[in-house]
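The values are calculated or read from the model by the stated rules, or taken from the named source; none is laboratory data. Only a predicted model underlies this, so the values are computations on that prediction, with no experimental measurement involved. All Cβ positions, even for glycine, are placed from backbone atoms using ideal geometry, and neighbour counts span all protein chains on display. When the accessible area is computed, the model is the full protein with side chains, heavy atoms only, and any ligands, DNA or RNA have been set aside. Shrake-Rupley method; radii C 1.70, N 1.55, O 1.52, S 1.80 Å.
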Amino acid sequence: MYCKIFSVFLLVLLSVLIPVTAQVKYTINGTIRDAANGEALIGATVYIKEIKGGASTNEYGFYSITLPPGTYTLDISYIGYQPVEKTLTLDQNIQLPVELSAETQQLEEVVVKAEIEQANAQNIEMSTNKLEMKTILKIPTLFGESDVLRSLLLLPGVSTVGEGASGYNARGGSVGQNLILMDEAPVYNSSHLFGFFSVFNPDAVKDTKLFKGGIPSRYGGRLASILDVRMKEGNSKRFEASGGIGSVFSRLALEGPIIKDKASFIVAARRSYIDVLARPFVPILKEGGALNFYDLTMKANYNINRKNRVYLSGYFGRDVFRFDKTQGFNWGNATSTLRWNHLFNERLFSNLTLLYSKYDYALQFGKDDRNRFSWNSSISNVILKPQFTYFINSNNELNFGGDVTYYTFEPANAVGTTNGKAVDISLERKYNLELALYMGNHTKLTDAVSLEYGLRYSYFNALGPGTVYTYNDTIPGVRRTPVSSRTYGSGETIASYGNWEPRFSFKWQTSPVSSVKGSYNRMVQYLHLISNTTASNPLDVWNPSSNNIKPQLGDQYALGYFRDIGESRAYEFSVEGYFRATQNHIDYIDGADLLINRYLEGDLLSGQGRAYGLEFYFQKKTGRLTGWASYTLGRSELKVNGINRNEWYETRYNQTHNLKLAAFYDINSRWSASANFIFTSGTPTTFPTSRYIQQGILIPYNVNDSRNNVHIADYHRLDIAFRLEGKKMKNGKERKNSDYWVFSLYNVCARKNPFSVYFSQTDQRIPAGQPLPSSATQLSIIGTIVPSVSYNFKF
């Protein structure tokens, strides 16, 4: 029934739009690429002076514009590249592929022109941030290693609970409410080394885009944000090798043409070696212990002909943490993506994608086979995504398609062995099917008003085989116990949910340099990250919606003012306000047992959530000194029956004030400097309000049953870095290779920022009648300045 309703809605929309194209019109289309390596440029602008409008390239560098016959002047531009101007007479369909060359230091006035044509105030997107890789590579980071996820923390509305925390928080959402995509494949744990580094190798990343609001209808599955990371396709012009040697890990990337200008590849690898360097000095490492990570990113593409191109990409990464040769744990991701781009005609572009993604972890303790414990867990999925873009005319771009996702959850495959006797405490696998259809249209109503609207329908089905439980009703906040169970056969429906997800955005161009934008989106999340630790960790469990757990629903509203400043529009300012209301938000009873618990759902509670705030952003985009400042004033709260006396309380990741400064300065042709400063309010935590002593043991107690009733100390950190470019000339000739050094200082002020605070009591005997001493201890992950040096090269 829902498919029929969706089809009728799509047909009505097409019947309204297609008559606009009844008169004779022709189409200009093509792909815009980097002239040096053949990489497609995402978001490049094709501006047509005569109509004062145009189009931007999609994720594959493709654009299409339909116009009446006539003579037109096209300005084709992309930030950091030399714009190209072409004049043509349109009396037939024209294929116009374009290659843009990177800017040089002598082209400052041209670069400013490119900035004007891609001015933020003229774009309909809001609550969206895009970081160029050249910017990410300049940001000072821990151990001097550039990182995609850590760079996002300098953007407005993005935060983390502290160093060593996996993932990120967006607009008051939890880590599990962000969908992270690597070449469209979902990544369930995005971090290496407990959150200090991400799974994204900077040598292989082409484009990074974060959606915090105004999310297009083609995306779904998470409430707070979508992070879409696209990998390089590989140099189709010539062979290239690049990499770096740093304090913690080294990396190497190889790319080049398989068939010049037709097929290319890239292979990028990283491996940390801190445990290898420390082995002579650390006894646990001498005995077989390990602490390292490695990953491999690969991609190849083949241009079959003008209308067909295929891509194959993959990722495999793993973290290893061993106490000795037989004890420890490891975790990692594996993804693969197969894509086929097809051009049906001059205006209908399609992309068919087949995806596989898996995250798993494994633990093992015990020094012999007679006494040991082993546990492994995983989540995997297979996804099929047909997507279409129909370029109706210069004012309308229609996107439609769908996706089918099949999930397999293995919560715990666990066996404990004592004196040779094994006990299997494994949990059943879970199987789920998720379907979605979507449609969205980007339309320009007038020169001043543009709209982007869409609709998504998602359907989730929990499938057998499996045993499900019905729990008793009890006092909210108290563990529920199962009162009955039912076993389902293979393929039987255990529970199902269907939801409509409308999306709407508008832009009102109040002047050539300013605009007002607004958006609304409903997001639905059927998977839940089960974690009650301070920060997300590798052992967190993903759990699907079921007969006892409803999907999370989030409605977000945003309104903002955007302005480009200066004659050259070299400055950009924006302020956005947002409000998100959440239903069926997951939280936990006090003392919840989340690991290897057959009756986990009895320890879960659900309630309402709300997050709201203001984001301010100011950026200087050109000149020797560039950078930005962002400030977020926000609040994130929950209201769950059974917690905090059924009143609103702050989430663990709430930060009222969040200030970020980033600056980049070109000292001369070889030296450049960069710095960033972060200040955030302390995050909430739960402290006891009183205590009592039982048989010499101090027991903390929360009289008010309050949750997150105290804030830890504020967080602030200053980082600086200097970059030295290698010489351009050698023996009077220009070098074919390039290299540079990075010298960085992380946490310059040696600030001992708190990650958490815990309480303990003395283990010594106390004389009768004397008070039992206790202490509070602040845990700081990094409490000192961290200097580093790294060397990077390309040839």
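Starting with the highest mean, order 464-470, 478-484 by the number of other Cβ atoms within 10 Å, averaged over the residues of each peptide. Numbers along the way, then the final one.
Values: 464-470: 16.7, 478-484: 13.0.
Ranked from most to least packed, the peptides come out as 464-470, 478-484.
Pop the C-beta distance of E346 and Y692 into the FRET formula with R0 = 60 Å and round what comes out to the nearest 0.05.
On the way: r = 78 Å, r/R0 = 1.30.
The computed FRET efficiency comes out at 0.15.
Using mean Cβ contacts within 10 Å as the protection proxy, how do 292-305, 729-742, 423-436 order, highest first?
On the way: 292-305: 18.9, 729-742: 11.3, 423-436: 16.9.
Per-residue Cβ counts within 10 Å, averaged per peptide and sorted highest first, yield 292-305, 423-436, 729-742.
Extension gain Y356-L67, at 0.36 nm per residue separation less the Cα-Cα distance, in nm?
Details: separation 289, 0.36 × 289 = 104.04 nm, distance 4.02 nm.
Gain in length upon complete extension: 100.0 nm.
With Cβ to Cβ distances under 12 Å as the rule, what net charge do the other residues near T408 carry (K, R +1; D, E -1)? Present the calculation step by step, with values, prior to reporting the outcome.
Numbers: positive: K358, R429, K430; negative: D360, E410, E428.
Net charge in that neighbourhood comes out at 0.
Let me check something: with ligands and nucleic acids excluded, how do I32, I94 order by accessible area (1.4 Å probe), largest to smallest?
So the residues, ranked largest to smallest area, are I94, I32.
Roughly what angle does helix 108-117 make with the longest principal axis of the chain, taking Cα atoms, 0 to 90 degrees, to the nearest 10?
80
May I ask you to derive the relative contact order of the chain, considering only C-alpha pairs under 8 Å and at least 6 residues apart, and to give it as an integer percent? Before the final figure, lay out each step's value.
Details: 2197 pairs, mean separation 78.7, N = 795.
Here the relative contact order equals 10 percent.
Set the Förster distance to 56 Å, then compute FRET efficiency between L772 and E85 from the Cβ-Cβ distance, nearest 0.05.
Details: r = 80 Å, r/R0 = 1.43.
Result of the calculation: an efficiency of 0.10.
Need the full-extension length gain, V282 to K134, defined as separation in residues times 0.36 nm minus the C-alpha distance. One decimal, nm. Spell out each step's value before the answer.
Working: separation 148, 0.36 × 148 = 53.28 nm, distance 3.77 nm.
The span from V282 to K134 would gain 49.5 nm if fully extended.
Expressed as a rounded percentage, what relative contact order does the range 128-229 have, with Cα pairs under 8 Å and six or more residues apart? Please list the in-between numbers first.
Numbers: 174 pairs, mean separation 34.0, N = 102.
In percent, rounded to a whole number, it is 33.
Can you check what the net charge comes to around T784, using other residues whose Cβ is under 15 Å from the Cβ of T784 (Lys, Arg +1; Asp, Glu -1)? Write out the running numbers ahead of the final one.
Working: positive: R717, R751, K752; negative: E163, D719.
Neighbour charge sum, excluding T784 itself: +1.
From the square roots a ≥ b ≥ c of the eigenvalues of the alpha-carbon gyration tensor of the range 456-600, which class results: rounded (a/c under 1.5), prolate (a/b over b/c), or oblate? Can you show the working numbers first?
Numbers: a/c = 3.29, a/b = 2.31, b/c = 1.42.
Because a/c hits 1.5 or more and a/b exceeds b/c, the range 456-600 counts as prolate.
Kindly report the accessible area of the chain per residue (heavy atoms of protein chains, probe 1.4 Å, no ligands, DNA or RNA), in Å². Before the final figure, lay out each step's value.
Working: 34040 Å² over 795 residues.
On a per-residue basis, 43 Å².
How much FRET efficiency would the formula 1/(1 + (r/R0)^6) give for K260 and F743, where r is the Cβ-Cβ distance and R0 is 56 Å, rounded to 0.05? Display every interim value, and only then the final one.
Details: r = 38 Å, r/R0 = 0.68.
In this case the efficiency is close to 0.90.
In whole angstrom, how long is each semi-axis of the equivalent ellipsoid of the range 128-229, when you take the square root of 5 times every eigenvalue of its Cα gyration tensor and sort them from largest down? Each step should come with its number before you reach the end.
Details: eigenvalues 78, 46, 33 Å².
Gyration-tensor ellipsoid for the range 128-229: 20, 15, 13 Å.
Where does each of 682-688, 643-649 land if you order them by average Cβ count within 10 Å, highest first? All intermediate terms of the calculation are to be shown ahead of the outcome.
Working: 682-688: 19.3, 643-649: 16.6.
Top of the packing list down: 682-688, 643-649.
At 0.36 nm per residue, minus the direct Cα-Cα distance, what do D369 and V382 gain on full extension? Give it in nm, one decimal, please.
On the way: separation 13, 0.36 × 13 = 4.68 nm, distance 3.56 nm.
Contour length minus Cα-Cα distance gives 1.1 nm.
What percentage of the solvent-accessible surface of the chain, computed with a 1.4 Å probe over protein heavy atoms, is contributed by carbon and sulfur atoms?
Numbers: 19600 of 34040 Å².
About 58 percent, which is the carbon plus sulfur part of the accessible surface.
Are there chymotrypsin sites (Phe, Trp or Tyr not before Pro) in the range 545-581 that DSSP marks as loop and that have at most 10 other Cβ atoms within 10 Å, and which are they? Spell out each step's value before the answer.
Details: sites: Y557, Y561, F562, Y571, F573, Y578, F579; in loops: none.
The qualifying sites: there are none.
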